[in-house]
Amino acid sequence: MSHPVIEASHLSLTFETNDGPVHALSDVSLDIQKGEFVSLIGPSGCGKTTLLRVIADLEQPSEGEININGMSPHEARLKRAYGYVFQAPALYPWRTIGKNIALPLEIMGYSKVEQAERVRKGLDLVNLTGFEKKFPWQLSGGMQQRASIARALSFDPDLLLMDEPFGALDEIVRDKLNEQLLRLWEMTQKTVVFVTHSIPEAVFLSTKIVVMSPRPGKIHDIITCDFPRDRTLDIRETPEFIDVANRVRQGLREGHSYVD
Amino acid sequence: MLTSLWQGKTLPVLVVCAIIAVFWYLGSIWLNADMQRMLFENNGQASYTTAELIEGTLSQEKPKLPTPGQILAELNKTVLETAPTSKRSLVYHGSVTISATLLGFLIGSMLGMGLAILVVHIKSLDRSLMPWVVASQTIPIIALAPMIVVIMNQFEVTGLIPKAVIAAYLSFFPVTVGMVKGLRSPDPLQLDLMRTYSASQWQTFLKLRVPASVPYLFTSLKVGVAASLVGTVVAELTKSEDGGFGARLLGGSYYGQTIQIWAALFAAAACAWVLVSLVGVVDRVVTKAMGARP
Ligand SMILES: Nc1ncnc2c1ncn2[C@@H]1O[C@H](COP(=O)(O)OP(=O)(O)O)[C@@H](O)[C@H]1O
Ligand SMILES: [Mg+2]
């Protein structure tokens, strides 16, 4: 029997800060199966980034259990189980775009030929062909973020962790990348954990939407959506889509209710 | 035309030079006047015009403050008109100083980089070694240099090496400090990225820390090369028989040859400027290849 890709039970994480403890995660339990596309949505500060970082072994939970492919996050990280797209592009300024995309390949010991081939494919995938020799500062913020996506995909990880990857992009580019990401997911059967602020983005992309609420950061609701895998952006006009979007909005409001 | 000159560097620099020169000449007149009056007296010349006095102050053989003109004439004589092999040639002394400076700079920057790498990678060294590195620079080099020379002489290490050691002693410090700062400059996000690839410490060092440290390194290399030259000159004050700018300074002060002292000072400053500029050129070439914004 195969493990879920991500198996988190009763995760808590408290940051000790000078202003006292911050409960970034509290009793978070979540299973993600292979091939799922899971969006984390919620107001800022509700622990979306923290949860992603716990999965990636960049942060240690204070309590609870988490397994990635049946291993500890640490073992999974050593096995290079995931590709991580950070909120900021985090390209190395002294490397060209091509060399930035090749960075994980260099580290993982791919041959020069293989590197060149994968860089070419990656540039093509995110529509940056011709920018290989440019340095990051010569590209717009959106192009830089696309390069960072190509970098995370370059070594073909089965699990993609993406932290608001399209947050800084304009609507049109965002739509386009959403469709591309969906196609990629559809074709490759990758598992994706995707942090977003945008309800339409979450509903369009996901098989499962995790609505989180802040202080302490916890899961408020989990909404499944089962639109056909080959959906297109048109689906956003359908009543079913609007229905799911409303449920997500409702969940976010309830999570926020402490404000009133 | 005039505005474009102002926007460039040339005219402002020239104007500042001219202002300095004017004050310098005034200073020479003022400082050398007493001596000139005495000279007139000793020559039995009881009365003299102000013009004669001023003219005298500007052409003494051992003035308290030589004029820029006298210094330039001395530089012209000892740099251009004397054979470079002669011990009276500043080119000869310059080459002695520069070779020790470069060797010392090489040793110092290697040592500085090595120490920085150790300090950044071994936590205990950060606390145990860095205080010593800092303490080493609190000892006045002028006190330390003769001891180093004497001790090394004891072991029959003479000539270039003791001077280079002192130069290295002064130059390793800025390189260590700058390189430590540079190797630590990657931000948490850049480091996290390496972690997600489960890169080894060595890979993180080569592909992240080293390239990130380059701008810091060059800044400290510029300070280091100038410090090397100072160290070499100080060492030459101790060990003047081998020549060098320091030896010229010492010889000049021994015989009251102020013009010679000032000429050696200027030549040393010019050499430091050239060395720093050379490091600057390498800096620009490297940072350009590393994609720096022009
Ligand atoms: N390294 C840290 N140290 C202290 N507090 C942190 C740290 N990282 C995150 N936090 C806090 O944890 C909470 C959740 O943060 P985060 O996961 O970044 O939220 P989100 O990504 O949903 O906006 C916030 O209150 C944030 O200030
Ligand atoms: Mg976040």
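Here, each number is a calculation from the coordinates, and none is a lab measurement. What you are looking at is a predicted structure, and each value in this text was computed from that prediction instead of being measured. Glycine gets a Cβ as well: all are built from the backbone with ideal geometry, and neighbour counts include every protein chain shown.
Want the number for B:VAL22 to B:GLU61: 0.36 nm per residue separation, take away the alpha-carbon distance, what's left?
Full extension from B:VAL22 to B:GLU61 adds 12.0 nm.
Taking the Cα centre of the protein assembly as shown as origin and assigning +1 to Lys and Arg Cβ atoms and -1 to Asp and Glu Cβ atoms, the resulting dipole is close to 1400 debye. Here the sum of -39500 (n - 2.57) over DSSP H runs of 4 or more residues, divided by the residues of chain A, equals -11000 deg cm²/dmol at 222 nm, to the nearest 500. Between A:MET71 and A:THR14, the FRET efficiency estimated from the beta carbon spacing at R0 = 30 angstrom works out to 0.75. For chain B, the dipole from Cβ point charges (+1 on Lys and Arg, -1 on Asp and Glu) about the Cα centre works out to 1140 debye, to the nearest 20. Of the DSSP beta bridges with both residues in the protein assembly as shown, give the percent that are antiparallel, rounding to the nearest 5. Looking only at bridges with both residues in the protein assembly as shown, the antiparallel portion is about 55 percent. Note on chain B: with a GNM built from Cα contacts shorter than 10 Å, the maximum mean-square fluctuation among B:THR50, B:THR238, B:THR67 falls on B:THR50.
DSSP H helices in chain B with Cα extent of 18 Å or more along the helix axis and mean Kyte-Doolittle hydropathy at least 1.6?
Values: long enough: B:10-42 (46 Å, 1.15); B:90-121 (45 Å, 1.67); B:123-136 (20 Å, 0.21); B:141-154 (19 Å, 2.07); B:160-183 (32 Å, 1.48); B:210-238 (40 Å, 1.29); B:258-289 (47 Å, 1.55).
In chain B, the long hydrophobic H runs are B:90-121, B:141-154.
Placing dummy labels 7 Å off each Cα toward the beta-carbon, the span from A:ASP234 to B:SER136 is 7.4 nm.
Solvent-free Debye calculation, one equal scatterer per alpha-carbon of the range B:2-65: log10 I(q)/I(0) at 0.14, 0.24, 0.27, 0.29 Å⁻¹ equals -0.52, -0.93, -1.08, -1.16.
Rounded to the nearest 5, the antiparallel percentage of DSSP beta bridges internal to chain A is 55%.
A Gaussian network model of chain B, with springs between Cα atoms under 10 Å, assigns the largest mean-square fluctuation among B:LEU221, B:LEU26, B:LEU106 to B:LEU26. The distance between label points at B:ARG184 and A:ILE242 comes to 5.8 nm (points 7 Å beyond Cα on the Cα→Cβ vector). When chain B is treated as a Gaussian network with alpha carbon springs shorter than 10 Å, the biggest mean-square fluctuation among B:LYS77, B:LYS123, B:LYS62 belongs to B:LYS123. Farthest toward the positive end of the dipole of chain B, out of B:ALA51, B:THR204, B:PRO12, is the Cα of B:THR204, where the dipole comes from beta carbon charges about the Cα centre. Highest-first packing order for the peptide set B:114-122, A:158-166, B:164-172, A:109-117 is B:164-172, A:158-166, B:114-122, A:109-117, based on the mean count of other beta carbon atoms within 10 Å. Considering only A:TRP137, A:VAL113, A:PHE155, and ranking their Cα positions along the charge dipole of the range A:91-156 that arises from unit charges at the beta-carbon of Lys, Arg, Asp and Glu, the one farthest toward the positive end is A:TRP137. Measuring nothing but how far apart in sequence close Cα pairs (under 8 Å, 6+ apart) lie, relative to its length, the range B:154-294 scores a relative contact order of 26 percent. In terms of distances greater than 20 angstrom between alpha carbons, the cross-link table entries A:LYS34/A:LYS99; A:LYS34/A:LYS176; A:LYS134/B:LYS207; B:LYS77/B:LYS163 yield A:LYS34/A:LYS99; A:LYS34/A:LYS176; B:LYS77/B:LYS163.
How shielded is B:244-251 by partner chains, expressed as the average number of their Cβ atoms within 10 Å of its Cβ atoms? If you can, show how the numbers build up before the last one.
Values: counts 0, 0, 0, 0, 0, 0, 0, 0.
Per-residue shielding by partner chains comes out at 0.
Eigenvalues of the alpha-carbon gyration tensor of chain B, scaled by 5 and square-rooted, set the equivalent ellipsoid semi-axes at 46, 26, 16 angstrom, largest first.
Restricting things to Cα coordinates, could you compute the convex hull volume per residue of the protein assembly as shown in Å³? If you can, show how the numbers build up before the last one.
Values: hull volume 146.6 nm³, N = 554.
It comes to 265 Å³ per residue, whole-number rounded.
Residue by residue along A:94-105, Cβ atoms of other protein chains within 10 Å of the local Cβ number 3 on average.
Per-residue mean of other chain beta-carbon atoms within 10 angstrom of the beta-carbon, peptide B:201-213?
On the way: counts 0, 0, 5, 1, 0, 2, 7, 3, 0, 1, 4, 3, 0.
The shielding value for this peptide is 2.
With a simple spin-label model that places each label point 7 Å from the Cα along the Cα-to-Cβ direction, the separation between B:ILE161 and B:LEU129 comes to 2.4 nm. Cα centroids of the range A:208-239 and the range A:86-156: 30 Å apart. Over chain B, dividing the summed -39,500 (n - 2.57) contributions of all DSSP H runs of at least 4 residues by the number of residues returns a 222 nm mean residue ellipticity of -25500 deg cm²/dmol.
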